[in-house]
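The structure appears below as structure tokens.
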Amino acid sequence: MAEDIKDTKSSNQMWGGRFASGPSAIMEEINASIGFDKKLYAQDIRGSKAHATMLAHQGIISVEDKDKILHGLDTILSEIESGNFTFSRKLEDIHMNVEARLAELIGPAAGRLHTARSRNDQVALDFRLWVKEELQKTEAALSGLIAAFLDRAEEHADTVMPGFTHLQTAQPVTFGHHCMAYVEMFGRDRQRVRHAIEHLDESPIGAAALAGTGYDIDRHMTAKALGFREPTRNSIDTVSDRDFALEFLSIASICAVHLSRLAEEIVIWSTPQFGFIRLSDAFSTGSSIMPQKKNPDAAELVRAKTGRINGSLIALLTVMKGLPLAYSKDMQEDKEQVFDAAESLELAIAAMTGMVTDMTIRTDKMKAAAGSGYSTATDLADWLVREAGLPFRDAHHVTGNAVAMAEKKGCDLAELSLEELQSINAAITADVFNVLTVEASVASRKSFGGTAPSEVRKQIAWWRARN
């Protein structure tokens, strides 16, 4: 295509005869969206081809004009994908850029393409198609991340580590069980993605500006051609709706929070103080001044992406919060937020999948830490309830005394002698030592969804059948 169009008359021909003079430089700057909505070129051309085919099928345009339009649109698609298309700011957006080039290629027949549609339903269609495709990519990416976690969970179903509340050692768990917690998180994210695809699976094209059209169009035909379940049912709502974009950003924000929580754990686990994992050089950087440093930068950057993605959600919610029906130009501010969040989320999931696969698990460090902080204290209390018949509150009190004794001696619960334990409660027998090891503790947690290796393997099998 030729150089960016300079002619004022050309820039106004799409608006019609009412506007005799061209827009000021400021108006052109604030009004143009081609700098970002050119990302929708494939969806725009796909929608136009389906629309033209339907118009010909209904006898609204001739088959000859339809064939010219389809050929011209294919030519434009090829030009854009090969980098031989010049996008013009004077033509404002992707729709006008494509239509103007189509007119150059096929002449007057191009003017028939916009019959029975408006830029309002056209952009709603393009954007829905793009978001739907992005959600499908996100679903696949989340499946890959879940698969990576299932592999690590299976590998470490027996690996003991400390479980935390308040970032304080609470009870022993297995690393496999911890991995499965993230499988559940990202599984919910994936389910939200699937629901979002179902919610947006309606075709907007044919709603026109806001009131529908007087032409005898077949909206079910275009919906089917474009892969939608059905057409939308209210033309006013159709052109004013951006729920699908908000839902995408909401899903992205929740998923980013999950990724950020995982990133934070990776940062903590890779410190010398924890030493639970080691990241390879592929996901770490060094220091410009401290040669000993190995920084988990990939995890830190994933953590930071959350603020950016959350900001996009708040921005679009704020744009939409006070808009009267139907379409307002404010809605031009919808796409950049979604495009940026989608790119950030895609990169963050890919980076996290890489780190989960890449990280070396230091089982020795995890096991050594698993028994710290008197993590088997609850097991002692449970034993007193089961074997000695104490009410749980009494058992809790006895166990607290045992922890205090161990703290005073500077030893673990399992290192207290039977005589010392019996001095706290005479009902304690030597059998209590069978539950005070971390291995015995995790093995006993066989309740559905518990940390026992046997239960972890059941949950892995359940998820593998569904991933």
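Side notes on the structure shown:
- Rounded to two decimals, the Cα-based Rg/Rh of region 122-188, with Kirkwood Rh, is 1.26.
- The largest accessible area among 455, 333 belongs to the first residue in 333, 455, and the rest follow in falling order (1.4 Å probe, all chains).
- Relative to its Kirkwood radius, the Cα radius of gyration of the chain gives an Rg/Rh of 1.16.
- Between 160, 259, 199, the Cα set farthest toward the positive side of the dipole of the chain (charges on each charged residue's Cβ, about the Cα centre) is that of 199.
- Treating r as the C-beta distance of residue 462 and residue 329 and R0 as 56 Å, the FRET efficiency rounds to 0.70.
- C-alpha long axis of helix 94-106 to longest principal axis of the chain, angle in °: 40
- Given +1 at the Cβ of Lys and Arg, -1 at the Cβ of Asp and Glu and no other charges, the dipole of region 292-382 around its Cα centre is 280 debye to the nearest 20.
- Modelled spin-label separation between residue 136 and residue 387, with each label point placed 7 Å from Cα along the Cα-to-Cβ direction: 6.0 nm.
- Prolate/oblate/rounded label for region 46-136 (Cα gyration tensor, a/c 1.5): oblate
- Spherically averaged projected area of region 21-68 from its Cα convex hull (nm²): 5.2
- Against the main long axis of the alpha-carbon atoms of the chain, helix 175-200 sits at an angle near 20°.
- Carbon and sulfur %, accessible surface of the chain computed with the full protein complex present, 1.4 Å: 52
- In a fully extended conformation the segment linking residue 397 and residue 295 would gain 32.4 nm over its present Cα-Cα distance, using 0.36 nm per residue.
- Taking 0.36 nm per residue of separation and subtracting the Cα-Cα distance, full extension of the segment from residue 74 to residue 30 would add 12.8 nm.
- The chain: angle of helix 392-409 to the longest principal axis, Cα-based, in degrees nearest 10: 70
- Measuring only protein heavy atoms, the 1.4 Å probe finds residue 41 accessible over about 50 Å².
- As a calculated quantity, the FRET efficiency between residue 433 and residue 164 at R0 = 25 Å, using C-beta atoms, amounts to about 0.50.
- Taking the charge dipole of the chain about its Cα centre, with +1 at Lys and Arg Cβ atoms and -1 at Asp and Glu Cβ atoms, the residue from 210, 122, 396 reaching farthest to the positive side is 210.
- Counting only Cβ charges, +1 for Lys and Arg and -1 for Asp and Glu, the dipole size of the chain around its Cα centre is about 260 debye.
- Once Rg and the Kirkwood radius are both taken over the C-alpha atoms of region 318-467, their ratio Rg/Rh works out to 1.28.
- Computed accessible area, residue 447, all protein chains, 1.4 angstrom probe, square angstrom: 80
The values are calculated or read from the model by the stated rules, or taken from the named source; none is laboratory data. Computed from a predicted structure; not experimentally measured. Cβ sites come from the backbone with ideal geometry, for glycine too, and all protein chains shown count toward neighbours. Ligands, DNA and RNA are stripped out before the accessible areas are found, and what is left, the full protein with its side chains, is counted by its heavy atoms. Shrake-Rupley method; radii C 1.70, N 1.55, O 1.52, S 1.80 Å.
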